[in-house]
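The values are calculated or read from the model by the stated rules, or taken from the named source; none is laboratory data. Since the structure is predicted, the reported quantities are computational estimates derived from the model, not experimental observations. A quick note on method: Cβ atoms are made from the backbone with ideal geometry, for glycine too, and the neighbour counts reach across all protein chains shown. For accessibility, only protein heavy atoms count, side chains too; no ligands or nucleic acids. Shrake-Rupley method; radii C 1.70, N 1.55, O 1.52, S 1.80 Å.
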Amino acid sequence: MKYLQLICIEGETGTPAAAAAMNEHIGPWLQETQSRGIRIVGKQLDEPAGAKTVRVRDGETLITDGPYAATKEYIGGLDILECESLDEAIEVAAKHPVSWFHAIELRPFASELEVPDDLSPDDMRYLVQIFVDGIPETPEVEEGIVRDAEAWGEQARERGVMVLGGGLQPKHTATTVRVRDGEVLLTDGPFVETKEYLAGIAILNGGVTEQAAVEFAARFPTARYHPVEVRRFIDQ
Amino acid sequence: MTAPEAVQAAFRDEWGRIVASLIRRTGDWDLAEEAAQEAFAQALASWPGDGVPRNPGAWLTTVAGNRALDRIRRSARGNELIRQLAEDPLHAAADGQQDDEPPQAIEDDRLRLIFTCCHPALALESRVALTLRALAGLTTAEIARAFLVPEATMAKRLTRAKAKIAAAGIPYRVPPPERLPERTNGVRAVLYLLFNEGYAASSGDLPIRASLCDEAIRLARLLPAEPETQALLALMVLQHSRRDARVDDRGELVTLEDQDRSRWHLDEIAEADTLLSGAGPLAGAGPYRLQAEIAIRHTREPTDWPCIAELYAELEALSPSPVVRLNRAVAVALAGDLDAGLEMVGELVVGDELSNYHLLHATRADLLRRRGDLVAAREAYERALALAPTEAERRFLRRRLVVE
């Protein structure tokens, strides 16, 4: 099963000691998860302040600077994990040093995620985050959105713009992992409760400009109803 | 035993077993519950006329398996599932053959179900609800009444928990050995919470709440018999053995010292005694063992307060809490050192955590009275009265006030 592992930074990035501990332990974590065939790919995100939030109202694209939810908590990066069960995903998340100081949210993907064999972090430039609010539209509208979203994904993949994309299971299937005093603490649900929640992601390739990424987000069918957020991955 | 009584007994003994094995075979929680429900409905309809089968469990398992297969055949993804089931004993049972799985595999099913219902990635309230639904067979309406929430809320909670198990990949299994101690601890916590919900019984539907105690005890018996689990079982059995003495004929709460001991279930106390004497040395005992050791000493006369005070000191070292400290203070006082006990209670009165807890003030009043400090005792009683949350508790305190 594939899981999206969200690196959740809670408020301040933490003390120098915490930063040092994270720097020291992230290497072994990457080594272990890669050698076990669990971590497929992952990358750190740029500062949330650089995000663009995209909405489409009455055919007009509205772009605001910054993330859609102005919370202290933010997503600092992500990994895609292949695990045999949630237990394995939790075990891996609890070994990730971010969970010792902040939190990690695990979200199962809704359907089989196609990952290109030769995907490298260099191919990842922008993250497009699709938000919904869980209030169902009419069945007709909903069906239309799903149909349009599939076509959007298909086209984006064909043009080579999107390297990876998929829907997530509903937010009540999320598990948030924190490790405190050596104890693994689990929370049922996402790490931050907002009205609109992450329902899917698309990762755009290395050659995409910010303008192209924003245009892309605006063409995603949910942009007419909910925010779509564009975040840049950090250059490595 | 009449036929309806036999169905009731079978429901108690077999529900969890049947649901657990159907979940393993089909991976579908709703299907498993519905098929099990239909099997019991059919038993109710046919046992009075046909007689109770020689092996009710096997009969119900076969019928539930058939019902599950019927539903699968009617469903869209039926063919695929039936192929998967072709090699499975469920299929054999449906063809009228004997269910020849070894009993151990079936026991394991129930353990799988307990560990899955109590998975820590589910919210605690969902773990409790799911355990009652899937293992104990309580209906959604009954669970909702027990926890004083609307039925729709409880239904949603159960649906979401089951959806998470399926969608998030929570495995249906007994955890591997390295995870077992921690996960068993989690299961014990859910069972004790379940028990205490029933035991508190200050509100809600009384018969349903009493059945929560029965279910918690029954489920604890299913867990592997390790010392801390046996201790939890002993603790619950002991507390439950006083159920008929805790409340008097007018429905008023009766304290331990005032209880009519002839109403205690002595056979249950004897069982707890046996469980505890087989639990090994006290050194390194866990919190349930210490609580059970305290509880069993409360059943003996005269009460060994010095020993109880010592056990509370150990419990406080292991899991410190103001309530444990309060109980320890009482034991210290009744062991003969009234001043030391009152001093500990006094510290709690000025602390923040328990200062508004009515029983803290009632306890202080009681100890003050024993010391002959009658004016201060009365003040403390009045404070307790003002803080008591329910009318039953106020009546209880008022009775004590009158006695003094």
Whole-Hz couplings from phi, Karplus 6.51/-1.76/1.60, listed for segment A:148-161; x for Gly and Pro: 5, 5, 5, 4, 4, x, 4, 5, 5, 5, 4, 6, x, 6
Apportionment of accessible area to carbon and sulfur, chain A, percent (1.4 Å): 50 percent
Computed E for B:Ser319/A:Gln211 - FRET, C-beta separation, R0 56 angstrom, nearest 0.05: 0.45
Length-normalised contact order for chain B - Cα pairs under 8 Å, 6+ apart - percent: 9 percent
Cut-off under 5 Å, modelled amide H: who pairs with A:Ala103 long-range: A:Cys8, A:Glu10
Selected from B:Tyr312, B:Tyr381, B:Tyr288 as most flexible by GNM, with chain B as the system and alpha-carbon contacts under 10 Å: B:Tyr381
5 angstrom amide H check on A:Phe233, placed H, neighbours 5+ away: A:Asp46, A:Tyr126, A:Leu127
Dimensionless Rg ratio for the protein assembly as shown, taking C-alpha atoms and the 2.2 N^0.38 Å reference: 1.14
Helix axis angle, B:374-387 relative to chain B longest principal axis, alpha carbon, degrees: 30 degrees
Angle in degrees between helix B:358-370 and the longest Cα principal axis of chain B, rounded to the nearest 10: 40 degrees
3J(HN,Hα) from dihedral phi, segment B:232-245, Karplus parametrisation 6.51/-1.76/1.60, rounded to Hz, x for glycine, proline: 4, 4, 4, 4, 5, 4, 5, 5, 5, 5, 9, 4, 7, 9
Whole-number percent relative contact order across chain A, with pairs defined as alpha carbons under 8 Å at least 6 apart: 30 percent
Segment A:173-189 - phi-based ³J(HN,Hα) in whole Hz, Karplus 6.51/-1.76/1.60, Gly and Pro as x: 8, 6, 10, 9, 10, 10, 10, 10, 6, x, 9, 7, 10, 10, 10, 7, x
Calculated [θ] (222 nm, deg cm²/dmol) that DSSP helices of n ≥ 4 give over the protein assembly as shown, each run adding -39,500 (n - 2.57): -17000 deg cm²/dmol
Average accessible surface area per residue within the protein assembly as shown, 1.4 Å rolling probe, Å²: 47 Å²
Solvent-accessible area buried by A and B, counting both chains, probe 1.4 angstrom, square angstrom: 1200 Å²
Overall dimensions of chain B as given by Cα atoms, namely Rg and Dmax in Å: 24.6, 81
Estimated FRET transfer efficiency (A:Gln44, A:Asp133; beta-carbon r; R0 25 Å; 0.05): 0.35
Summed residue charge, Cβ within 12 Å of A:Asp87's Cβ, Lys/Arg positive, Asp/Glu negative: -2
1.4 Å probe, heavy atoms, protein only - residues of segment A:70-99 losing at least 40 Å² accessible area vs chain alone: A:Leu86, A:Asp87
Most mobile of A:Arg219, A:Arg57, A:Arg157 in a GNM of chain A (Cα contacts under 10 Å): A:Arg57
Alpha-carbon centroid distance for the pair segment B:337-404 / segment B:268-300, whole angstrom: 29 Å
Positions from segment A:156-176 whose accessible area shrinks by 40 Å² or more when the full protein complex is built, not the chain alone, probe 1.4 Å: A:His172, A:Thr173
Options B:Leu223, B:Gly341, B:Leu368, ranked by Cα towards positive dipole end of chain B, top entry (Cβ charges): B:Leu223
Placed amide H near B:Val254: partners under 5 Å, 5+ positions off or other chain: B:Val247, B:Asp248
Diffusion coefficient, µm² s⁻¹, Stokes-Einstein with Kirkwood Rh over alpha-carbon pairs of chain A at 37 °C and 0.692 mPa s: 181 µm²/s
Highest-fluctuation residue, A:Asp46, A:Asp117, A:Asp133 considered, GNM on chain A with Cα pairs under 10 Å: A:Asp117
A:Lys72/A:Asn23 FRET efficiency (R0 25 Å; Cβ-Cβ; nearest 0.05): 0.65
